[in-house]
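Okay, structure first, notes after.
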Amino acid sequence: MENPLKFKNTYRKRVKRLIEIMEEKEASLYLVTNPANIRYLCCHTFPKEPPLTHLLITEDGEMIGITSSLEGFRAREMAAVDEVKTFCTYPGLKCDYRSGVEGVRDYIKKLSPKVMLTDGRFLSRRTKVMKDSTITEMRKIKSREELEAMKKAAAVADSGYRFLKEFIRPGLTELDIVRELNHHLRSQKGVSNFAFETIIASGPHAAYSHHDPTDRVVKKGDAVICDFGVVVGGYCSDMTRTFLVGEVEEKLREIYDLVQRAQHESEGKVKVGEKLNVLDLTPRRLFEKEGYGQYYPHSVGHGLGLEVHEEPLGIRPNTKGEQKEGMVITIEPGIYIPGLGGVRIEDDFLITNKGAVRLTHAEQDPYV
């Protein structure tokens, strides 16, 4: 994990935007409580939880971190903030507050802001608190630095496909595949964590859009859905490949070809200024036309970045908003038929003025 302090200038540029919003809304304090938003502003290379529970930003750009006694030392060493305050209830430990909320209230009392902005919820009798989504909106558009990290995470996912292509065979259990795939992914350079719990779903289990791997043995004729991703430099990748083991039913081959076609057609709809929901409607209409509409139970994809699911959280038929340059999304249509199995194919894409740019480049050859 890289030391977040080396990115201090990046954080300051992001905070500058928040100060502008505070000026516009006549606020003098900004409270950040969303863990991913805290990471975005002062410690993004932490793969999951930041070493702070609360981050306060003043109208002058001063950044005060509040955290538990457990994380105090690490926060002072690793978080790009001006000051760290700790809280605890343990006798004998020297802390500033009994809780993080107490710390926030103390700063409200000291600074007496008429208006405070926050990315979450906070109740105060002393000041007017206004919900603000600026940080979430900023995170939608990825910078060059962010994209570099995401490309590295995607490259690791690509290597996961190549590993699975050679490894999957009849006789292995779902848990065998999870264990060996996870070992491969975690051993790759720069990987600090998994983006989410790896999904391996074989045979009838592949009819579940999500599945906790079991000791079911992979057999000839199975479809095996493999959904996995890693964190590199604080940023996630998310890939799904479906493998067809030996001779499979004609219907499974038909479904695979249809899902692959649906993903490619949705990719073709990636264009700055176009509606986001078009990306979902394209495969949905294709599946309905081919008689599989009822077997497609989820959205076509989601935003990707510091979190594996971030805004837009789900790209659905009723999703509002446009595609914007710099967004990173997944496109992952799927068909799931109870008793038979299912197919999902997922890749990560950058939205640009020239259309979709793939971040994951692994082949989609399903036969093992």
Given 319, 352, 330, which one is of a type in the set (Val, Ile, Thr), surrounded by fewer than 21 Cβ atoms within 10 Å (Cβ to Cβ) and within 19 Å of the chain's Cα centre (by Cα)? 319
Taking the range 293-332, which residues are more than 19 Å from residue 157 (Cα to Cα), out of contact with any helix residue (DSSP H, G or I) (no Cβ under 6 Å at 6 or more places or on another chain), part of a loop (DSSP other than H, G, I, E, B) and acidic (Asp, Glu)? 325
Mind checking which pairs have a first residue in the range 70-90 that is closer than 20 Å to residue 3 by Cα and in contact (Cβ under 8 Å) with a residue 24 or more places away in the chain and a second that is assigned to a helix (DSSP H, G or I) and not basic (Lys, Arg), Cβ under 6 Å, 6 or more apart or different chains? 78/4; 79/42; 80/4; 80/5; 80/11; 80/42; 81/42; 84/75
For the range 334-362 the number of residues that are under 27 Å from residue 143 (Cα atoms), part of a loop (DSSP other than H, G, I, E, B) and in contact (Cβ under 8 Å) with a residue 60 or more places away in the chain is 6
If we keep only residues of the range 130-156 that are in contact with a helix residue (DSSP H, G or I) (Cβ under 8 Å, 6 or more places away or on another chain) and surrounded by 15 or more Cβ atoms within 10 Å (Cβ to Cβ), then the residue farthest from residue 185 (Cα to Cα) is 132
Within the range 47-68, the residues that are out of contact with any strand residue (DSSP E or B) (no Cβ under 8 Å at 6 or more places or on another chain) and crowded, with 20+ Cβ neighbours inside 10 Å are 50
Only one of 321, 314, 273, 303 that is free of Cβ contacts under 8 Å to residues at least 60 places away in the same chain and at negative phi: 314
Checked the range 21-40 for anything part of a helix (DSSP H, G or I), in contact with a Ser or Thr (Cβ under 9 Å, 6 or more places away or on another chain) and within 21 Å of residue 111 (Cβ to Cβ); matches are 21, 22, 37, 38
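Any read-out appearing in this document is the output of simple, stated calculations on the displayed coordinates, not a laboratory observation. Just so we're clear, the structure is a prediction, and the values are computed from it rather than from any experiment. FYI the Cβ positions are ideal-geometry reconstructions off the backbone, even for glycines, and counts take in every protein chain you see.
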